[in-house]
Amino acid sequence: MANYYNENTVLWLDGKLLKASATKVDLYSQSLHYGYAVFEGIRSYRTAAGTTKIFKPVEHYVRLANSAKALNMPYGYSTDQLIEATYQVLERNNLRDAYIRPVVYSPANMSFNPNTESYTVIQAWEMAPFLGEKLLRVMTSSFQRPNPKGFKIEAKASGHYVNSILASQEAKAQGYDEALLTDINGFIAEGPGANMFFEKDGRLFTPATGNILPGITRATVLEICREYDIPVEEGQFTPGQLKTADAAFFCGTAAEVIGWASIDEYRFPKPWPATLGRKIQSAYKDIVTEKQHQPETITI
Ligand code: PMP
C-alpha cells in the first residue's frame, strides 16, 4: 500500500486543518455502509515558473458540487472556499506535485432517507508527474459500466467504484495492466478510472458522454485537439472497431495521457512516438505545468 499519510500529515475537515492521524470516520456512516459519498481526484503541479498550481480546480469542485446534488447530498461550501482550503492543505503539508482527494460523506444513517448534513474532507499526498513511455496492455473487461438508468453515471460517486475495482482486479489477475469496460449496449466506454481515445487514419475517436464519467482530462484533450486542428469524433464505437485502430490512449487526472500497447490480442500498429496521443501527451504536460507550448511545431 502506498503511504498516503504519516503522523505529520494535515487534512482539511469542515473548516479545520487537523492531523490526519487524529481524525476518524464514523463507523455508522451511511457512506461506509452503502457507498453513498462523492469525491474528486485533482492534481497540483510544480509549474515551470516554480509556483504550485492546482490544475482546473474550478472544474473539479463544480463537478463535486454536481455529484453531491445528483445524489441529493447537502453540500455546504463554495468552489472558492474549497479551492482556498485545498491550497492550505498543500501548503501545510509542503506538497507541490500532489494528488488531492476531496470527499463529501454522510453521517450515521442506516436508512435510505436523505441527510440534513454532509461532511467534507480534503486529503492530499505526493504524486510525481507521470514520466513514462511505458505502454499499457489493456483487456476488454467482462464487466460493463453501470447502467445509466440505475445510477447517476455522470456523478463521481464512491459506490460506482466497486465496478472499477472489479474490472481492474480482473484485468490484473489475467496479466494485463488495465481494463476497458463497455457500456450496457456493448459499445466501448472507459477504463476503471480514465477515459479513452483511439486513433484511426489521422483522426481521433472517443466514446460520447452518457455512459461514462465526463472527464476533465477528456475535456482538456478535446481542447488540445481544437488547438492543433486534430479531428475528433465522439460517438458509439464497438470493440471490433477498436481492434482496427492505429493507436489508443487513456486520459485522466491520475493517468494523465498514457498510451496503449494492445487491447486483448490486438497490438496497435503505430509506434507510440508517431501517434496523435504522444503529441497530446506532451501538450498536456506543458499545459499542467504552465510551460509554453508551440502548436505550430506540431506536425501531424
Ligand atoms: N472515468 C472514470 C471512471 C474515472 O474515475 C476518471 C477519474 N476521475 C475518469 C474517467 C477521468 O476523469 P478526470 O479526467 O476528470 O480525472
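The values are calculated or read from the model by the stated rules, or taken from the named source; none is laboratory data. For clarity, every value in this text was computed on a predicted model and none was experimentally measured. Counting neighbours? That spans all protein chains shown, and the Cβs are built from the backbone with ideal geometry, glycine included. Only protein heavy atoms, including side chains, enter the accessible area calculation; ligands, DNA and RNA are left aside. Shrake-Rupley method; radii C 1.70, N 1.55, O 1.52, S 1.80 Å.
Any idea what the relative contact order of region 136-288 is, in percent, if you count C-alpha pairs under 8 Å spaced at least 6 apart?
Numbers: 295 pairs, mean separation 37.5, N = 153.
Averaging sequence separation for qualifying contacts and normalising by length gives 25 percent for region 136-288.
For region 185-226 and region 105-163, what is the separation of their C-alpha centers, rounded to whole Å?
Cα centroid to Cα centroid, the span is 18 Å.
Mind checking the angle between helix 79-92 and the chain's longest principal axis? C-alpha axes, 0 to 90 degrees, to the nearest 10.
Computed tilt is about 90 degrees.
Hand me the chymotrypsin sites (Phe, Trp or Tyr not before Pro) from region 98-169 located in a DSSP loop with no more than 10 other Cβ atoms within 10 Å, in residue order please.
Numbers: sites: Tyr99, Tyr105, Phe112, Tyr119, Trp125, Phe130, Phe143, Phe151, Tyr161; in loops: Phe112, Phe130, Phe151.
For chymotrypsin sites (Phe, Trp or Tyr not before Pro) across region 98-169 that sit outside H, G, I, E and B with at most 10 neighbouring Cβ atoms in 10 Å, the list reads Phe112.
Could you tell me, in Å, what Rg and Dmax come out for the Cα atoms of region 1-150?
Both quantities, over Cα of region 1-150: 17.1, 51 Å.
How large is the direction-averaged shadow of the alpha-carbon convex hull of the chain, in nm²?
Details: hull surface 62.9 nm².
Mean orientational projected area (the chain, Cα hull): 15.7 nm².
Carbon-plus-sulfur fraction of the accessible area of the chain, 1.4 Å probe, in percent? Working shown, then result.
Numbers: 7700 of 14520 Å².
Here it works out to 53 percent.
Which angle from 0 to 90°, rounded to the nearest 10, does the C-alpha axis of helix 276-288 make with the longest principal axis of the chain?
30
Among the DSSP beta bridges whose two residues both lie in region 182-238, what percent are antiparallel, rounded to the nearest 5?
Numbers: 4 of 8 bridges.
The antiparallel proportion sits near 50 percent.
Starting from region 218-300, pick out the GluC sites (Glu not before Pro) whose DSSP state is loop and whose Cβ has at most 13 other Cβ atoms within 10 Å. If you can, show how the numbers build up before the last one.
Working: sites: Glu223, Glu227, Glu233, Glu234, Glu256, Glu265, Glu290, Glu296; in loops: Glu265, Glu290.
Answer in residue order: Glu265.
Would you tally the net charge around Phe55, using a Cβ to Cβ cut-off of less than 15 Å, leaving Phe55 out, and scoring K and R as +1, D and E as -1? Mind dumping the intermediate values first?
Numbers: positive: Arg43, Arg46, Lys53, Lys56, Arg63, Arg96, Arg101, Arg218, Lys285, Lys291; negative: Glu40, Glu59, Asp97, Glu223, Glu256, Asp286, Glu290.
Net charge around Phe55: +3.
Just flag the GluC sites (Glu not before Pro) in region 101-161 sitting in loop per DSSP whose Cβ has no more than 15 other Cβ atoms within 10 Å. Before the final figure, lay out the partial values.
On the way: sites: Glu117, Glu126, Glu133, Glu154; in loops: Glu117, Glu133, Glu154.
Sparse-neighbourhood loop GluC sites (Glu not before Pro): Glu117, Glu133.
Can you work out the accessible area per residue across region 115-212, with the rest of the protein chains kept in place, probe 1.4 Å, in square angstrom?
Values: 4450 Å² over 98 residues.
Here the residues of region 115-212 average 45 Å² of exposed surface.
Excluding Thr289 itself, what net charge comes from residues whose Cβ is under 13 Å from its Cβ, given Lys and Arg +1 and Asp and Glu -1?
+2
When DSSP beta bridges are limited to those with both residues in the chain, what percentage is antiparallel, rounded to the nearest 5?
Working: 40 of 51 bridges.
Approximately 80 percent, going by the DSSP bridge assignments.
With Rg and the Kirkwood Rh both taken from Cα atoms, where does Rg over Rh land for region 37-122? It would help to have the intermediate numbers written out before the result.
Working: Rg = 14.3 Å, Rh = 13.7 Å.
Taking Rh as the inverse mean 1/r over Cα pairs, Rg/Rh reads 1.04.
Mean-square fluctuation check for the chain, GNM, Cα pairs under 10 Å: which of Asp286, Asp201, Asp264 is largest?
Ranking Asp286, Asp201, Asp264 by mean-square fluctuation puts Asp201 first.
What does the C-alpha gyration tensor say about the overall shape of region 1-89? Classify as rounded when a/c is under 1.5, otherwise prolate if a/b is larger than b/c, or oblate. If you can, show how the numbers build up before the last one.
Working: a/c = 1.93, a/b = 1.21, b/c = 1.60.
The shape class here is oblate.
Add -39500 (n - 2.57) for each DSSP H run of 4 or more in the chain, then divide by its residues: what number comes out at 222 nm, to the nearest 500 deg cm²/dmol?
Numbers: 7 runs with 75 residues, N = 300.
Calculated mean residue ellipticity at 222 nm is -7500 deg cm²/dmol.
Considering only protein heavy atoms, what is the solvent-accessible area of His293 at a probe of 1.4 Å, reported in Å² to the nearest 10?
Around 40 Å² of this residue is reachable by solvent.
For region 13-87, what is the accessible area per residue in Å² when the probe is 1.4 Å?
On the way: 3760 Å² over 75 residues.
I get 50 Å² per residue for region 13-87.
When a/c reaches 1.5 or more, the comparison of a/b and b/c decides; with that in mind, is region 76-220 rounded, prolate or oblate per its Cα gyration tensor? List each step's numbers first, then the result.
Values: a/c = 1.89, a/b = 1.30, b/c = 1.45.
Oblate.
What's the whole-number percent of alpha carbon pairs in region 136-288 lying beyond 29 angstrom? It would help to have the intermediate numbers written out before the result.
Details: 1176 of 11628 pairs.
Cα-Cα pairs of region 136-288 separated by over 29 Å account for 10 percent.
Taking Cα atoms, how many degrees apart are the long axis of helix 216-227 and the longest axis of the chain, rounded to 10 and kept between 0 and 90?
40
Can you give the local net charge around Ala70? Use residues other than it whose beta-carbon is closer than 12 angstrom to its beta-carbon, Lys and Arg +1, Asp and Glu -1.
On the way: positive: Arg63, Lys69, Lys152, Lys156; negative: Glu154.
Once positives and negatives cancel, what remains is +3.
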